[in-house]
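First comes the structure, then the notes that go with it.
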Amino acid sequence: MNASTQRVGRVALAVALAIAVSASQAASDSAGRGGEGGGTEPVATTRFGDVRGTRDADIYVFKGIPYGASTGGANRFLPPRDPKPWKGVRNAREYGPSCPQLDPPAPGHSVGPSSAARGASEDCLVLNVWTPGLRDGGKRPVMVWMHGGGYTLLSGSSPVYDGTRLAKKGDVVVVTLNHRLNLFGYMYLAALPGGEKYADSGNLGQLDLIAALRWVRDNIEAFGGDPDRVMIFGESGGGGKVATLLAMPDARGLFQRAAMQSGFGLTALTPEAATAMSRSILEALGLRADQLAELQRMPVARILEALQKVTHGMPFGIGPVVDGRSLPRHPFTPDAPDTARDVPILLGYNATETTYLFPPPGAFDLDWPGLMKQLAVALPGQDVAHIVDGWRARHPQASPSDLYFAITTEATMGLNANTLAVRKAEQGGAPAYLYRLEWETPIEGGRMRSPHSLDVPLVFDNVAKAPGLIGTGAEEAQRVADTMSAAWLAFARAGNPNAAGLPSWPAFTAGNRETMIFNVTSRAVNDPLREERSLLPQAP
């Protein structure tokens, strides 16, 4: 992994800060009351008990439904368990707790474990459902969202993830969820003395996702959904979670389509790297390697303090582990896993991801010498002069800052997206569809261009819920959202993003690299930026 990829990987942990800074405690439930039976609140039946939701624009909404038991105390660092069944009707009208976590890092701001005081809890295995119909045999496609924030931050409860508009527009069921994150979801203890009890600890966050997908399989028909037409999709860290699920045998058959947006998870952590991180955390807690049982009695605040001490709030090095159990191999390295062969994949990225991914000081006002200096840091060991000369020849009107953001995006997100698409295409089986979002947001005078997370409100058709990222009165943004959300809905329905009224989107082939360019007018292009990309490092 080159230094530029490491840098973008670290800052990707703060995915969607512009749209989800309040994700752990999203907007309170504003759905209108009313529903079936002339004004009564809707009630749905699950395996574990009945739940009462709300109505919003003719969509039934259920929030905070448990799909697993509390992960605290004796259950900490152990695989998820079913929730205890309840009697009567449980209220499902408000979002449930997020996993305890550090505050999202931001330039110029300190990071600390204060989210524990904002309603976060280890009882965080909850999900939310938006559906047009209940118990109606609708057999609707189901879209299950994996939230971003790397493997350490945020939740599935951001207002921008609200599924009302998608459910209504596409006659689909939308599910978002919370799961274990950071040390609670990915602290690998198996290789330490006494670690046999915690053999699955490095992939608990992923096992939570599998538990949620099993809940969907077993319960979604009551919400008008089809358990045999499930699409998983996610952005940034959520895309990495999707890629990892594609390589996990226990997830096979629980979904039939997958989409990755600006996050691709080509590799996971090795047991050695994950164990080194765990030893550092234990040292920060004042524990020996053979005192793992103490971790189950440790207050949440102390665990977060240790995470802060070791990582300084940027917990790179925490994530899924190739443990030989639930994850037997790297997700998409050196090739696509056999478990992904029959699953069609939609994937892509935004044209200037790095305008948002913590650009270095002065990145928006570079001169040519400054561009050379910054690229030397971002692409160590590369012939930066050759790269810049080649890009300038093809983009003579581009400013130094334009080139910085374009080059650093292609050297990381662009390279990883193309690499995964090539490996999937070379595998045979179900197709892959690649995209590149080029629409530019007007916020901050347009200087953000096409930043990381811009795709999220467009795919969810929630332009109005993201003024800080989209701007206000953005008619162009709605046109892009109309196209992107319709393509995702078509993919959820049939495993193919082509539908009436949409621009033709050919499947990706390694030879032509067909790519959908999303903009006010969208079109498919064969291998865009082929010559530019040839100037960049090729190892993802």
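The values are calculated or read from the model by the stated rules, or taken from the named source; none is laboratory data. Here the structure is a predicted model, which means the values were calculated and not measured. Here the Cβ is made from the backbone with ideal geometry for all residues, glycine too, and neighbour counts use every protein chain on show. Calculation scope for accessible area: heavy atoms of the full protein, side chains included, ligands and nucleic acids excluded. Shrake-Rupley method; radii C 1.70, N 1.55, O 1.52, S 1.80 Å.
Some observations on this one:
- Matching residues in segment 504-526 - criterion: being among the basic types (Lys, Arg) and without any contact (Cβ under 8 Å) to a residue 40 or more places away in the chain: ARG523
- The helices (runs of 4 or more DSSP H) located wholly in segment 235-319 that include 2 or more residues which are under 19 Å from ASN178 (Cβ atoms) and open to solvent by less than 10 Å² (accessible area, probe 1.4 Å) occupy 237-246, 300-311.
- Among the residues making up segment 99-134, those that are modelled with pLDDT of 95 or more and over 26 Å from LYS241 (Cα atoms) are PRO132, GLY133, LEU134.
- Test: residue in segment 382-403 that is under 27 Å from MET484 (Cα atoms) and within 30 Å of the chain's Cα centre (by Cα): yes
- Positions within segment 159-182 being within 22 Å of ALA251 (Cα to Cα), touching a residue at least 60 places away in the same chain (Cβ under 8 Å) and among the aliphatic types (A, V, I, L, M), in sequence order: VAL172, LEU177, LEU181
- Any hit, segment 480-491, residues being of a type in the set (Val, Ile, Thr) and in a helix (DSSP H, G or I): yes
Residues are listed down the side, and each one gets a yes or a no for (1) under 30 Å from GLY390 (Cβ atoms); (2) open to solvent by 10 Å² or more (accessible area, probe 1.4 Å); (3) in contact with a helix residue (DSSP H, G or I) (Cβ under 9 Å, 6 or more places away or on another chain):
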{"site": "ILE470", "(1), (2), (3)": "no, no, yes"}
{"site": "SER485", "(1), (2), (3)": "no, no, yes"}
{"site": "ASN496", "(1), (2), (3)": "no, yes, yes"}
{"site": "ALA499", "(1), (2), (3)": "no, yes, yes"}
{"site": "ALA507", "(1), (2), (3)": "yes, yes, yes"}
{"site": "GLU514", "(1), (2), (3)": "yes, yes, no"}
{"site": "GLU531", "(1), (2), (3)": "yes, yes, yes"}
{"site": "GLN538", "(1), (2), (3)": "yes, yes, yes"}
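- ASP56 being modelled with pLDDT of 95 or more and open to solvent by 20 Å² or more (accessible area, probe 1.4 Å): no
- Cross-chain or 6+ apart pairs with Cβ under 7 Å, segment 39-61 first and without any contact (Cβ under 8 Å) to a residue 40 or more places away in the chain, then assigned to a loop (DSSP other than H, G, I, E, B) and aromatic (Phe, Trp, Tyr): PHE48/TRP86
- Any pair with Cβ under 9 angstrom, 6 or more apart, that starts in segment 89-105 at a residue that is small (Gly, Ala, Ser) and ends at one that is open to solvent by 30 Å² or more (accessible area, probe 1.4 Å) and assigned to a loop (DSSP other than H, G, I, E, B): GLY96/SER121; GLY96/ASP123; SER98/GLY119; SER98/SER121
- Per-region count, segment 437-458, residues over 18 Å from ALA406 (Cα atoms) and surrounded by 24 or more Cβ atoms within 10 Å (Cβ to Cβ): 3
- Test result for THR419, hydroxyl-bearing (Ser, Thr, Tyr) and surrounded by fewer than 24 Cβ atoms within 10 Å (Cβ to Cβ): yes
- Segment 266-280 residues that are without any contact (Cβ under 8 Å) to a residue 40 or more places away in the chain, paired with ones that are among the β-branched types (Val, Ile, Thr) (beta carbon under 9 Å, 6 or more apart): SER280/VAL310; SER280/THR311
- Segment 332-435 holds helices (runs of 4 or more DSSP H) entirely within its bounds, and those carrying 2 or more residues that are touching a residue at least 12 places away in the same chain (Cβ under 8 Å) and among the basic types (Lys, Arg) map to 415-427.
- Among the candidates GLU438, GLU444, residue that is out of contact with any helix residue (DSSP H, G or I) (no Cβ under 6 Å at 6 or more places or on another chain) and in contact (Cβ under 8 Å) with a residue 24 or more places away in the chain: GLU438
- Residues in segment 341-376 that are buried (at least 24 other Cβ atoms within 10 Å of the Cβ) and of a type in the set (Gly, Ala, Ser) were compared, and the one that is nearest to the chain's Cα centre (by Cα) is GLY348.
- PRO540 part of a loop (DSSP other than H, G, I, E, B), at pLDDT 95 or above, out of contact with any His (no Cβ under 6 Å at 6 or more places or on another chain) and on the phi < 0 side of the Ramachandran plot: no
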